[in-house]
Amino acid sequence: MKVRYFAWVRERVGKAEEEIDPPPDIATVGEFVAWLAQRGEGYAHAFENPKVVRSAIDKTHVPANARIKGASEIAFFPPMTGG
Amino acid sequence: MIPTIRLQRERFDVADEIAALTRGRTDIGAVVTFTGICRADEGGEPIAALNLEHYPEMAEAEIGRHVDMARSRWPLLGATVIHRYGRIAPGEDIVLVVTASSHREAAFAAAEFLMDYLKTRAPFWKQVEKESGKSWVEAKTADDKAADRWTSS
């Protein structure tokens, strides 16, 4: 699964994207975030306040309880500030 | 109606975009445009520029979904959304929304709807360049409230 990071989430994690195969017991976006946060200092910093970080699966906004099964791309980013 | 959605680094010309939308049409009676412009200050401090980061594939899909929502709510005859990314200097345009309809009510409402959703749902992030350094712009709750009113009524 391709994982992409944007804005300050990208800066904290230290990369824009990577390939990750999450463990099979990870079912939801929220669980995936908690698992990512344990991968290192940068990840812990990026996801220190998981409620602030938004997620998208295959280019569509999703809530933390969304299932990740079958996703080909998952993205994490701060609240949007375009326009 | 086929909407025009463009994400680009380059500047755009508002008059050209209106002309492209209305050329050869006699059914359009109203065109509304909104242009978002980069201000020279952020929180009382002067800024050198904005850097706009985006998630290209999702931004295009998300804007397309919102144009479709606007079309299902109002009788639109045309819509153009252009959002720039990259480095934008104070005074330069950032975003353009053009809506066309036979009467003004639909064009005004759809333009406002699209802008409210662009602000809160389109995957763009502004970083400001100041003398003191670079910092990410924080999302405003006022923008969330503006977008929410379209679903609560």
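Name every residue in region B:63-92 that is facing chain A (nearest Cβ under 10 Å) and either surrounded by fewer than 17 Cβ atoms within 10 Å (Cβ to Cβ) or touching a helix residue (DSSP H, G or I) at 6+ places or on another chain (Cβ under 6 Å) (or both), in order of residue number.
Correct list: B:R65 only.
Quick one: in region A:1-24, of everything that is acidic (D, E) and closer than 14 Å to B:E53 by Cβ, which residue is farthest from the other protein chains (Cβ to nearest Cβ)?
It comes out as A:E17.
Which residue, of B:E42, B:E53, is modelled with pLDDT under 95 and surrounded by 13 or more Cβ atoms within 10 Å (Cβ to Cβ)?
Residue meeting the stated conditions: B:E42.
Please go through region A:64-83 and give me each residue that is more than 10 Å from chain B (Cβ to nearest Cβ) and either among the aliphatic types (A, V, I, L, M) or part of a loop (DSSP other than H, G, I, E, B) (or both), ordered by number.
If the condition is that a residue be more than 10 Å from chain B (Cβ to nearest Cβ) and either among the aliphatic types (A, V, I, L, M) or part of a loop (DSSP other than H, G, I, E, B) (or both), then A:A64, A:N65, A:A66, A:I68, A:K69, A:G70, A:A71, A:S72, A:I74 are the ones that fit.
Whether any residue in region A:41-63 is in a loop (DSSP other than H, G, I, E, B) and among the small types (G, A, S) is what I want to check.
no
Please go through (1) buried (at least 19 other Cβ atoms within 10 Å of the Cβ); (2) in contact with a strand residue (DSSP E or B) (Cβ under 7 Å, 6 or more places away or on another chain) for A:E18 and return the number of the only condition it doesn't satisfy.
(1)
The values are calculated or read from the model by the stated rules, or taken from the named source; none is laboratory data. What you see is a predicted model, and the numbers here were worked out from it, not measured in a lab. Note that each Cβ is placed from the backbone with ideal geometry, even for glycine, and that neighbours are counted across all protein chains shown.
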